[in-house]
Every structure is written in structure tokens, then in C-alpha cells.
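Read-outs: derived from the displayed coordinates by stated rules, not from any lab. Note that the structure is a prediction, hence the values are computed from the model and not measured. A quick note on method: Cβ atoms are made from the backbone with ideal geometry, for glycine too, and the neighbour counts reach across all protein chains shown.
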Amino acid sequence: MACDICGKTGTPLRDLREIYQTDQIKVMCPDCEKVVNKQLRSIQDMTTRMQKALLKLFMAERKAKKDPS
Ligand SMILES: [Zn+2]
């Protein structure tokens, strides 16, 4: 079997967590896992910042609607 991302053979393969699997990508080698995990952390940092900003924006707009001043 080969890594579904880089195609490398003769390497240990890790199953991707089911929520991240696609029809084409289900297992990957340790090198790809390292890169993919780094990217996942970067995406998670970004979405956490977006979540905070969007909720603060929602609350500020809700407050502005209620506030006649
Ligand atoms: Zn790989």
C-alpha cells in the first residue's frame, strides 16, 4: 500500500481520522502526517480567531439595535 497523498511505498501508514477522509485520501505516511497536522493547527487557529470576531460582531450589532442612542 502507498501513502494516499505523496504515493510513497514501504513506509508505515496511518489511517486519517474518518471526518477528514475523502474518497481519494484515507491513509498517509508520517511525513505527510506532519505537514497535514501543521496545516490543521494553522486552520484551527484561524477559525478560532474568526469565531471570536464573528460572535463579538454579532453581540455588538445586537446591542446597537436595542440601544436607541
Ligand atoms: Zn505521504
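The residues on offer are Gln24, Gln39, Gln51, and the sole one that is within 16 Å of the ligand (Cβ to nearest atom) and either in a helix (DSSP H, G or I) or on the phi > 0 side of the Ramachandran plot (or both) is Gln39. Residue pairs whose Cβ atoms lie under 6 Å apart, separated by 6 or more positions or on different chains, with the first residue in the range 21-49 and of a type in the set (D, E, K, R) and the second near the ligand (Cβ under 9 Å from one of its atoms), are Lys26/Asp4.
In this structure, does Asp31 turn out to be in contact with a Cys (Cβ under 8 Å, 6 or more places away or on another chain) and within 16 Å of the ligand (Cβ to nearest atom)? For Asp31, the condition - in contact with a Cys (Cβ under 8 Å, 6 or more places away or on another chain) and within 16 Å of the ligand (Cβ to nearest atom) - is met.
Contact map, the range 1-13: first residue within 16 Å of Asp23 (Cα to Cα), second residue more than 8 Å from the ligand (Cβ to nearest atom) and among the hydroxyl-bearing types (Ser, Thr, Tyr), Cβ cut-off under 7 Å, separation 6 or more or different chains; pairs are Ala2/Thr9.
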